[in-house]
Every structure is written in structure tokens, then in C-alpha cells.
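For reference, the structure discussed in these notes is given below.
The values are calculated or read from the model by the stated rules, or taken from the named source; none is laboratory data. From a predicted model like this one, the values you see are computed outputs, not experimental measurements. In this analysis, Cβ positions are derived from the backbone assuming ideal geometry, glycine residues included, and neighbour counts consider all displayed protein chains.
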Amino acid sequence: MNKIIRLLIVVDAVCWFATATRAETEATAIECLKSATFLAPIDSSAHRKYAPDREVEVLHLALDVTPDFKQRTIEGKATLRFKPIARPVEELKLDAVDLEVHSVTATEKIQTYQVTEEKVIVTFAEPIPPDKEAAVTIAYHAEPKQGLYFRTPEMGYKEGDTHLFTQGEEIEARHWYPCFDSPNEKFTSEITCRVSEGMTVLSNGGLVSEEKDPVTGLMAVHWSQDKPHANYLITLVAGFFKKIEDKHNNIPLAFYTPPSEIKEAASSFRDTKDIMAFFEQEIGVPYPWPKYDQVCVNDFVAGGMENTSCTTLTDNTLFTEATENIRDSEGLVSHEMAHQWFGDLVTCKDWSDIWLNEGFATYYESLYHGHKNGRDAMLYELYQRARQITDMTNDTNAIVRRTYDSPGEMFGYLAYPKGGWVLHMLRSQLGEELYRRCIRTYLERHRYGNVVTEDLRAVIEELSGRSHDQFFDQWVYHAHHPELEVNYNWEEKTRLAKVSIRQAQKLGDNVSLFNFPLTVRFKGKFGRADRPIQVKEKEEDFYFPLESAPEIVRLDPDYALLARITFNLPNAMLHAQLSDANDAVGRLLAVEQLSAKKDKETAARLKERLNQDPFYGVRVEASRALRSIHTDEALEALLASTRQSDARVRRQVVDDVGGFYRDTAYAAARQTLEAEKNPDILNEAIRAIGGYAKPEVHEALLRFLNSECRCWMHCRNGKPGSPVAASGKDSAHWLIWRATRKRRTTSANS
């Protein structure tokens, strides 16, 4: 699941976040995660968490539910078929929260049943022996506060868009039906949902039947999932939707949105077919489910949820062509589809190993991004994620840990971007062909089952013949990342390049020295020379004989190491690196280092990159660097660079000009409001002028908030640290609130 988006709901930033670009989405998520960690640090004394015992094997779950949209309740009947595993079972304990149980029946004689705040406990008259199949049926009423969500006119939504949706991950399903609510139990399932004629019902698997009940007049829509999956992946979506269709080989593809938003569906889901084809080729395992539906719902409680064969998405992912190349659904769609293999076909045994779901989905999202947009685009995405991870300078939590209070704590930057980076390092060290063979074997060996990290390590060791104990120990089971302080010196007499590397991370119980391969690349009159080394000590000096002094020295030129690197290089080398047309990541790193320098030459060189670099990511970062420098020359460079043909760069420049509280910056923002058509860029201009206590600001903002342009939808909460977010009562906050209050944003049903 795109859970990072979901975490932002807690800090009331979901409206901006869910519609943000790829880079902003992740950057803002990490900032909020850091804030959350500061406010509520993880209690190291919390009980260690493990997967629960499986006294019975659940074979099948059948649900029959009738929702009441006006009352926002459901009447349900749940039938679980099961068999004891090793010992006779006298009690069956099911997870259930706030369910009003009407009756409990079973194929075995029941002595009694008990309903507590969190459980339904069925006691049988006689213990059920191992391997004997039995079934329990529970009739109940629910008014769920979690797990199942209504969107109705009474809540402020359009009547023609009335619908409901469910969300199971992590443990929300228990709020709308009794179940074994843990990922280490997999079973087949079916759902029958009874709704008014004209409504659409979607669920996992294949459609079995649609029949009208002659008594109630309701349509009984029956879906069946005949392959085992985890409880949290069960989904139900019902209501008024419009549909568009496509097909990949023999796999039906369907896209659903509320009727009022269907015009945006085609552009938003246009990559689906290509993504599925790419994943099948890259992963080497065919898509494992009978169809693939994607359904957008109003104010989803996450960014997306990878229910088997039927993904739920936020409708904030929908976009129009007016946003040019700024906004797309590619990242979200590819992330959730990757889960159909990683998370659905194979599922983490418990939440401690959630990175096996989320890290894989995050990395394969990047792989598709590179397939579609080129390797530089993929590396830029990895660069952005690396910065987010390495900004966590005091982190002492490992990717896999058992000390947490609730499963939600495990859904953060460790599981997502760091998990993805671990896979990128593995792919780089193993080589692409061997890596693919390892992943294909891992999936085929554990298909429709549960996995832990050791399952992945075992396959890699088996097929590579190399021990990976140390790799997983330092990157997965221990915390942090290398923090490298690097110095370079040329010794003319001996013609030796000296590179000194110091691991500067603060060592502790869960943070150690790292042992990793590293390539040092030299470029000069002699051409190019790559020198592999192994870094393993606290401080090490490496000497490299060269024909002449190099013009460029690059660490990790293939970008295969997750590390925070401070490389002290003279300006001449940084300028040469900044101009290296064959090294986009090198140029990004040079821009990053130059952002700390405030001289006029640096501003001029960054302005040149902003306007001439062939890769948009370098131009974006050059703009940000000029904002960071924050001199008069930097502002002049930005003001002279507002006419960018690439909307992503143009948006960044407008945003960065808005970071200067100057009359010239204000005038530029007003000019953007008059001339710009792109709603995302207008959004940045609105943010910028919102920080000024000028009489004309009120009128200008009111005009845009009442116009057909929906750019206010993208700035309701404002970016952290933006003028709108910081300007207090003198800003136009109340105007934004007035424009958005009609559409209620909620993650609950009340």
C-alpha cells in the first residue's frame, strides 16, 4: 500500500500530498515522518511482536453483506471454513471490533459463544480433531468507524457519486466482519453484496453472478477469489461508478471512477497495460490473478491499496492534460501493481518484514520509471530517495525489527525507500540477470504463501553461491547507513591520487561500521579509469597510480551505494563535474555541493545548468540550489529563468522565486498568475503571494479560488514551510478554507 500517503492524514496534509509530484510526495512524507518520530519516539521497551499462532488453518471465507448507505451501516453474514492443524480445538477466536452479533451457528455443536470488545469466541461442545473441516457462520450488524467507509450526500459528497469502500491493511477488516486478521493466514474468499439496481460492486477475483432479489429488489452481486490471499487484501467497493476497459493479453483491465470524474480516467490510467507487460518481463512470473481492476474513490484513507486483482486508489491521483508533464499516476499505478506479485502473491509473514511488500513495490516502481523515461530518470528518483533516507542522521531502527506498538509504525521510510535501495544494491552487486533469476525463484518457491527476509536471503545465496549474511545483517537487521567523509589529494611527485575515506556515522548498539564495495572513477586527459575498492574500516587511505592529475574524481559512479557522502573537492573539479554531459548523477551531486557556496561564479554556473542542462532533474535541482544560496545574484538568476519549456522545471522556478520575500519576487508571482495556464504552477504562484500582507492579495486569491481553475485543490494545506503555511492571519487561509469546505475530507464515517 502507498502507506506513506496514509501517514500524512494524521498530520492533516493529505490534500496537497495526494496530488503532489513524485519527488514532493516522498519528500513531504519523510518530513512528516521525521516530525512524527520527534513527537512520539518509538518506545524501545515496547513488547516484541511476532506472528500469532495458527491453531487452525482457515480454508475459505464467505461474506454476504447488505449496506445501508443512509445509516452508514451493514448487515452481514460471515462463514469461515477451517480445520485444526496439530491439536484438537475447543475454542475458535476471531478478531472483531464493535460488531453487534445476532447469531452464531456451526457444523459442529456449539456450547456457547462470547462477544468481547475485540473478539468473537466460539466454544464447541466437543473439541474438533486435527484435519477435520468445520464451518462457523456469524450473523452481525456493523456501524464501522474503520475498515469500511461510506461517501454519501449526507456527508457532503455528490449524490451521483455515492459509494463505499473498504481498507484492510493493516488490521482494519475486523471492524466490518469477524476474521483472522493477520497476514500469516491465507485462504480463498467470496463476497456477495446486495445493493440498489444501478450500483456497481467490485471485489477480488472473478464475477460469479448478478441476480435481482424479487423480494427486496436489490441486486445480489457475487465475487469469488479462488486463490489464497491474506485477510487484509480482501476488498469491497460498491456504489455509482463509470468504467473504461482495456486488456493485456488475456487479462481484462478495468478502471472505475465516480461518475463526475470519469473524464480524467483515460489519461490517469494510460500506463497500466505497459506496466503489466514490463513487470511480467522484468519479474519473469506471469501476472498471477484473473483480472486487474483499479477503482478511484473519494477521499481514500491512503494513496492506494493493492487488494488482490482489485486496487483501490485515491481520486486525487486523477489529473487533466492541463498539468502538462508535472502530474501523472504512473508512480502510484506501478507501485500498486508491483504489489500484485510482492505483497499479494507472496506476503510478509508479519509486519516486521513489511519491507518485503513495500520495498519491492517501491523499487519496481522505480524500475518501470526507468523503463519508460530512461535510466537518468530512474537514478534521479533513487537520488531523491537516498537524500530522504540519509537525512535521518540519528536513526537507530533497522528495517526489520520486532519492537513497535502498532503495525502502522512499520510503514515508513525504512520499509519503502530504504527497502527499495537495499534491492537496488543487491541488483547492482549481483548483476541484472542473476538478480532476476533470484527474484523469479523467490516468487515461484513461495507463491500464495508467506515469507520472511531469510527466505529471500536463502534464495540469493543458493543461486549466487555467495554468502549474504553480512549484507543483510548491516543493511536490513541493523540500522542506518554509511556517513562518509571523503578527501582527495593529488601527489604530483609519485603521480598518485589519494582518496581518504572516514566512516563518520555515530556507532552504537544498532549502528556499526559498514563493509561495502565502492568504485572510484577518474576522468582526465588519460581518458577514464575505474578502480574498485572495499571499504570496511573506520578510516582508510587509498592510493591510485594515474598518468596525470584527474579533472574529475567520482565516488560510486554507477550509483549503487546508499550513503551520505561529504566529498571535499576543489571548485575546479566541481565545475568540471557539473559540465560532464555523460553523468547526470554526477551533475546532481555537483549542484548539491555548490548549493552551499554563495559566490557569484557559482550562481552563474547554476543559472547555466538551470537553463541548458539536458536532463530536467538537474535543472530542477539547480533551481533549488539557487534558492538555497539566497543571494541577490541567485534571485536574479531565477527571475531570468522563469520561461522554462518543461513544466516541471517551470513549476520549480516559480516555487523557488516564491522563497524570496522581495518585491521583485512578488511581482514575478503576480505575472505568473496572469500568464500561466498550468494549474499546478498557478498553485505555486498562489502560495507565493499568500505570504504578503498587501491589499491586492485578497482580491487576487478570491478571483482564483472562485474560478474554473482548480489549483486551490492542490494547495489547501500548503507545503510545509511555504509562505501560505507560515503567514498566519495576514494570509488568505480563510479563503482557501471557504473554497474547500464544501467537499468534506474525512477518514472516518462520522
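Laid out as a table, the results:
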quantity	calculated
Of all residues making up the range 491-507, the number that are within 18 Å of Ala563 (Cβ to Cβ) and exposed (fewer than 14 other Cβ atoms within 10 Å of the Cβ)	2
Set Trp341, Trp355, Trp351: member being among the aromatic types (Phe, Trp, Tyr), in contact with a Gly (Cβ under 8 Å, 6 or more places away or on another chain) and on the phi < 0 side of the Ramachandran plot	Trp355
Residue, nearest to the chain's Cα centre (by Cα), within the range 581-601, restricted to residues that are charged (D, E, K, R) and loosely packed, with under 15 Cβ neighbours inside 10 Å	Lys598
Condition check for Ser464: farther than 30 Å from His47 by Cβ, surrounded by fewer than 21 Cβ atoms within 10 Å (Cβ to Cβ) and among the small types (Gly, Ala, Ser)	yes
The range 317-342, residues that are touching a Pro at 6+ places or on another chain (Cβ under 9 Å) and under 30 Å from Lys186 (Cα atoms)	Gln340, Trp341
Sole exception among (1) among the acidic types (Asp, Glu); (2) at positive phi; (3) outside any loop (DSSP other than H, G, I, E, B) for Asp299, by number	(3)
Tabulated pairs, the range 332-357, first under 19 Å from Pro290 (Cβ atoms), second of a type in the set (Lys, Arg), C-beta under 6 angstrom, 6+ apart or interchain	Leu345/Arg447
Single condition Val301 does not satisfy, out of (1) within 16 Å of the chain's Cα centre (by Cα); (2) β-branched (Val, Ile, Thr); (3) within 21 Å of Trp223 (Cα to Cα)	(3)
Candidates Asp315, Asp274, filtered to the one that is touching a Cys at 6+ places or on another chain (Cβ under 6 Å) and either without any contact (Cβ under 8 Å) to a residue 60 or more places away in the chain or outside the structural domain of Tyr232 (by TED's automatic domain parsing) (or both)	Asp315
Check on Ala576, under 18 Å from Ile552 (Cα atoms), modelled with pLDDT of 95 or more and among the hydrophobic types (A, V, I, L, M, F, W, C)	yes
Subset of the range 389-420 [surrounded by fewer than 18 Cβ atoms within 10 Å (Cβ to Cβ) and of a type in the set (Ser, Thr, Tyr)]	Thr393, Thr396, Thr403, Ser406
Boolean, Arg587 is in contact with a Phe, Trp or Tyr (Cβ under 9 Å, 6 or more places away or on another chain), of a type in the set (Lys, Arg) and in contact (Cβ under 8 Å) with a residue 60 or more places away in the chain	no
Matching option when the condition is over 11 Å from Ile138 (Cβ atoms), polar (S, T, N, Q) and in contact (Cβ under 8 Å) with a residue 24 or more places away in the chain, among Thr79, Thr66	Thr66
Any pair with Cβ under 8 angstrom, 6 or more apart, that starts in the range 201-224 at a residue that is within 15 Å of Leu63 (Cβ to Cβ) and ends at one that is basic (Lys, Arg) and outside any loop (DSSP other than H, G, I, E, B)	Gly205/Lys227; Ala220/Arg194; Ala220/Lys212; Val221/Arg194
Number of the condition not met by Glu282 [criteria: (1) crowded, with 17+ Cβ neighbours inside 10 Å; (2) over 23 Å from the mean Cα position of the chain (by Cα); (3) in contact (Cβ under 8 Å) with a residue 24 or more places away in the chain]	(2)
Thr188 outside any strand (DSSP E or B) and either outside the structural domain of Trp351 (by TED's automatic domain parsing) or closer than 20 Å to Val346 by Cα (or both)	no
Failed item in (1) assigned to a loop (DSSP other than H, G, I, E, B); (2) touching a Cys at 6+ places or on another chain (Cβ under 6 Å), with Lys506 passing the rest	(2)
Neighbours by Cβ (under 6 Å, 6+ apart or cross-chain): first from the range 664-686, within 14 Å of Ser641 (Cβ to Cβ); second surrounded by fewer than 21 Cβ atoms within 10 Å (Cβ to Cβ) and at pLDDT 95 or above	Ala668/Leu639
Residue in the range 333-347 that is under 21 Å from Arg648 (Cα atoms) and either assigned to a helix (DSSP H, G or I) or of a type in the set (Asp, Glu) (or both) present	yes
Residue list for the range 302-325, restricted to those being hydrophobic (A, V, I, L, M, F, W, C), closer than 25 Å to Pro679 by Cβ and buried (at least 22 other Cβ atoms within 10 Å of the Cβ)	Ala302, Leu313
Within the range 525-543, tally of residues that are part of a strand (DSSP E or B) and either out of contact with any Leu (no Cβ under 7 Å at 6 or more places or on another chain) or in the same structural domain as Thr396 (by TED's automatic domain parsing) (or both)	10
Inter-residue pairs, beta-carbon under 7 Å, first under 19 Å from Ile128 (Cβ atoms) and in contact (Cβ under 8 Å) with a residue 60 or more places away in the chain and in the range 51-63, second among the small types (Gly, Ala, Ser) and not in a loop (DSSP other than H, G, I, E, B), 6+ apart	His60/Ser189; Leu61/Ala78; Leu61/Ser189
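Conditions tested, residue by residue: (1) at positive phi; (2) out of contact with any strand residue (DSSP E or B) (no Cβ under 6 Å at 6 or more places or on another chain); (3) surrounded by fewer than 19 Cβ atoms within 10 Å (Cβ to Cβ); (4) not hydroxyl-bearing (Ser, Thr, Tyr).
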residue	(1), (2), (3), (4)
Arg521	no, no, yes, yes
Ala529	no, no, yes, yes
Ile533	no, no, yes, yes
Arg554	no, no, no, yes
Thr566	no, no, yes, no
Ser579	no, yes, yes, no
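Residue-wise test of (1) touching a residue at least 24 places away in the same chain (Cβ under 8 Å); (2) more than 16 Å from Leu561 (Cα to Cα); (3) touching a Pro at 6+ places or on another chain (Cβ under 8 Å); (4) not small (Gly, Ala, Ser).
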| position | (1), (2), (3), (4) |
| --- | --- |
| Tyr383 | yes, no, no, yes |
| Thr390 | yes, no, no, yes |
| Tyr404 | yes, yes, no, yes |
| Tyr416 | yes, yes, no, yes |
| His446 | yes, yes, no, yes |
| Val451 | yes, yes, no, yes |
| Ala458 | no, yes, no, no |
| Glu462 | no, yes, no, yes |
| Gly465 | no, yes, no, no |
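Yes or no, residue by residue, for (1) of a type outside the set (Val, Ile, Thr); (2) touching a Lys or Arg at 6+ places or on another chain (Cβ under 8 Å); (3) part of a loop (DSSP other than H, G, I, E, B):
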residue	(1), (2), (3)
Ile121	no, yes, no
His141	yes, no, no
Gly168	yes, no, yes
Glu197	yes, yes, yes
